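Visitor: Next up is a structure, given as structure tokens.
The values are calculated or read from the model by the stated rules, or taken from the named source; none is laboratory data. None of the values given here were measured: they were computed from a predicted structure. Heads up, the Cβs are rebuilt from the backbone with ideal geometry, glycines too, and the neighbour counts pull from every protein chain shown. Ligands, DNA and RNA are stripped out before the accessible areas are found, and what is left, the full protein with its side chains, is counted by its heavy atoms. Shrake-Rupley method; radii C 1.70, N 1.55, O 1.52, S 1.80 Å.
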Amino acid sequence: PRYRPDWDSLDARPLPAWFDQAKVGVFVHWGVFSVPAWGSEWFWWHWQGEHRSDYQRFVQRRYPPHTTYADFAPRFTAHDFHPREWAQLFQRAGARYVVLTTKHHEGFTNWGSPVSWNWNSLDTGPHRDLVGELGQALRESNIHYGLYHSLLEWFNPLYLADKESGFKTQNFVLKKTMPELHDLVLKYKPDLIWSDGDWEAPDSYWNSTSFLAWLYNDSPVKDTVVVNDRWCNNCSCHHGGYYNCADKYKPGTLPTHKWEMCSSIDKLSWGYRSNMNISELMDEASIIEELVQTVSFGGNYLLNVGPTKEGVIVPIFQERLLALGRWLDTNGEAIYESKPWRVQMENSTDMVWYTSKGPVVYAIFLIWPRDNVLELSSPTPSPATQVTMLGFAGTLKWQESPGKGLLITLPYMLPSPLPPQSGWTVKLEGVK
């Protein structure tokens with residue numbers, strides 16, 4: 001059956017299975033905002049939309065008089081962008097999909113958009129098709145490719161005129177937004193479209209439902225493509241494919257609808273900042289904790305890095321991604337293709353989280369118990385119960401807990417001055 005351009009019909013489309021199975025993705029925020037590399041990827045808006053004095057001072061101190069935002073574009077060189085190295089890094093990080101900003105709210109497109117004359121990565125800056133090059137490298141590495149695309153552009157005259165009309169006119173949508181979305185789909189055949197920039201106008205202005213009906217019925221990716229929920233000013237958490245709800249969203253209980261948590265290693269920005277400080281970055285333990293909580297609640301975890309204007313993913317970001325990958329090398333069995341269990345976390349603590357695969361239950365604990373005994377009150381053991389630990393050979397001894405549940409004797413850890421890595425997984429077979 002064909003999908004109609006209305007939410008009742010579109011929302012009924014089953015989500016392609018690959019997305020729920022993937023669990024882990026990497027988000028990449030890259031654009032002209034990577035040139036000033038200060039504040040955040042909203043640089044242009046804070047500087048010339050809000051006229052913030054700290055941004056104005058920054059430009060006065062560092063750039064010639066009368067500098068405009070457009071003057072940054074030629075400095076967006078991507079000289080050191082090696083898409084295969086990126087793909088290899090993302091693969092080692094355990095990512096099953098990658099989402100690249102094809103166009104942020106600044107309107108600059110990272111491919112040769114035919115409706116973004118002279119404000120795209122082919123005509124100026126890198127003189128390269130960044131979207132296409134990364135896509136090819138990811139496909140060679142068997143990683144799903146997602147494209148982030150902003151519906152709005154802060155300073156586009158067509159958009160400002162439509163806004164002025166109370167969104168009664170649609171010149172911007174018809175001449176810019178929709179041609180670009182169709183171009184991206186036909187040219188790059190993405191596995192995912194990560195829409196954003198939706199919040200100022202209704203779906204009737206954006207033509208979202210017509211676009212999604214075409215995407216699901218007639219596009220070259222109609223059976224495989226996944227979309228998020230940012231398609232209109234009241235779509236988030238209600239309409240679209242899976243739900244983002246809000247940046248860094250944490251539901252607290254098990255949602256009934258597939259969702260994704262997007263988070264950034266740099267806690268203060270999504271784009272690269274040259275002045276970031278180690279204390280402003282997520283450490284390995286907090287990344288793993290966020291991942292485990294998200295997957296336990298049935299979500300996907302999309303972790304962001306912002307490359308430099310030259311196309312370098314700085315070593316501290318690489319280090320965090322590789323740490324995540326090492327953890328997944330051992331514990332990925334409890335993450336990829338898993339489903340939420342009947343209980344998400346131990347009642348008394350948010351330090352033990354559950355996932356499952358068929359009859360197998362995984363308990364992921366984030367703090368190593370002092371006495372080497374892990375107490376789990378939620379699983380009900382049986383005579384056939386077997387307990388193992390991912391990354392450790394052999395079975396573990398266990399006994400029924402006096403209250404309910406089970407007490408598991410963990411392998412002995414040598415004392416170390418450093419806190420051990422974060423997160424270990426016990427695999428429970430034959431429990432209810």
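Visitor: How high is the relative contact order of region 7-334? Use alpha-carbon pairs under 8 Å, at least six apart in sequence, and give a whole percent.
Guide: The normalised contact order for region 7-334 reaches 25 percent.
Visitor: From the convex hull of the Cα coordinates of the chain, what is the mean projected area in square nanometres?
Guide: For the Cα atoms of the chain, the hull's average projected area reads 23.1 nm².
Visitor: Moving to a separate point now. Sort region 275-432 into rounded, prolate or oblate with this rule: let a ≥ b ≥ c be the square roots of the eigenvalues of the Cα gyration tensor; rounded if a/c is under 1.5, and if a/c is not under 1.5, prolate when a/b is larger than b/c, oblate otherwise.
Guide: Prolate shape, in that a/c is at least 1.5 and a/b is the bigger ratio.
Visitor: Still on this model: Just checking the chain: which Cys have no other cysteine's beta-carbon under 4.7 Å?
Guide: For the chain, the answer is CYS262, because their Cβ atoms have no other cysteine Cβ under 4.7 Å.
Visitor: Here is a further query. What does the charge count around ASN233 come to, taking other residues whose C-beta lies under 13 Å from its C-beta (Lys +1, Arg +1, Asp -1, Glu -1)?
Guide: So the environment of ASN233 carries a net charge of -3.
Visitor: Using mean Cβ contacts within 10 Å as the protection proxy, how do 393-406, 249-262, 126-139 order, highest first?
Guide: 126-139, 249-262, 393-406
Visitor: Label VAL314 and LYS189 with points 7 Å out from Cα along Cα→Cβ: what is the distance between them in nm?
Guide: My value for the distance between the label points is 3.8 nm.
Visitor: Further question on the same structure: At a 1.4 Å probe, what is the % contribution of carbon and sulfur to the accessible area of region 7-334?
Guide: In region 7-334, the share of accessible area belonging to carbon and sulfur is 50 percent.
Visitor: Sticking with this structure for a sec: Under a 1.4 Å probe, what is the accessible area of region 7-334 per residue, stated in Å²?
Guide: 38
Visitor: Enter the accessible area per residue of region 339-431 (Å², integer; probe 1.4 Å; all protein chains in place).
Guide: That works out to 55 Å² for each residue.
Visitor: Indicate the gyration tensor shape class of region 157-245 (rounded, prolate or oblate), computed on the Cα atoms with a ≥ b ≥ c the square roots of the eigenvalues: a/c under 1.5 is rounded; otherwise a/b larger than b/c is prolate and the rest oblate.
Guide: In terms of gyration-tensor shape, oblate.
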